[in-house]
1. Which shape class applies to segment 65-145: rounded if a/c is under 1.5, otherwise prolate when a/b exceeds b/c and oblate if not, where a ≥ b ≥ c are the square roots of the Cα gyration tensor eigenvalues?
2. Summing Lys, Arg as +1 and Asp, Glu as -1, what charge do residues with Cβ under 14 Å from the Cβ of residue 111 carry, residue 111 excluded?
3. State which stretch of the chain is the longest one without any exposed trypsin sites (Lys or Arg not before Pro), exposure meaning a DSSP loop state and at most 10 other Cβ atoms within 10 Å.
4. Assign one of three labels to segment 1-59, namely rounded, prolate or oblate, based on the Cα gyration tensor with a ≥ b ≥ c the square roots of its eigenvalues; rounded applies when a/c is under 1.5, prolate when it is not and a/b is larger than b/c, and oblate otherwise.
5. Kindly identify the chain as rounded, prolate or oblate by the Cα gyration tensor criterion: order the square roots of the eigenvalues as a ≥ b ≥ c, call it rounded if a/c is under 1.5, otherwise compare a/b with b/c, prolate if a/b is larger, else oblate.
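Throughout, read-outs are computed from the coordinates displayed, never taken from laboratory work. Bear in mind that the values here come from a model prediction, so they are computed numbers and not experimental data. For neighbour counting, all protein chains shown are included, and Cβ atoms are generated from backbone atoms with ideal geometry for every residue, glycine included.
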Amino acid sequence: MRERRLPTVPELTVRPVRTGDKAALLDLFERLTPRSRLRRFLAPKPALSRKELAYFTEIDHRTHEALVAVDRDGTFVGVARYACGPGETGVADVAFAVADAAQGRGIGTGLARLLFDDARANGIVRLQAMTLPENAPARKLLGRTGFALTGIDGGVLELALDLRAPTTAERRAA
């Protein structure tokens, strides 16, 4: 599993989450404000359980992938993931979290683009996302990366991205 530079913030490296990353991922979670946790989990989230930490780090890198942006000192500054539901192999939900101190630098967008490339390579054809209407940063990231609004359920925006559609670069080349 290769390390890459984050295109939008080249001083950060990006790599897939590993089983041994529980402490680093928990550290990132603890550096999120309650507002950021609410935006990520769509509900108040004061802590992560052991079971959740296992779910977030013990992944197959095919139907469930997570990429972390890592600072020079080894600290996680952001994470992007997709996960298919049980028995699903072509449709996945996505989620992003960036440490509050690092927000607004393009980390989420850079992680998203790398994650979407990995999803395509793994046969994922559709990504879905949910966000709160007041989460302007998430709406901006999702819009910038091609997601379209598909519905509203219980006050939560539902968006989707068809990964089979040509990318902007592919459309320009055509």
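1. It comes out oblate by the Cα gyration axes.
2. +3
3. 73-163
4. oblate
5. rounded
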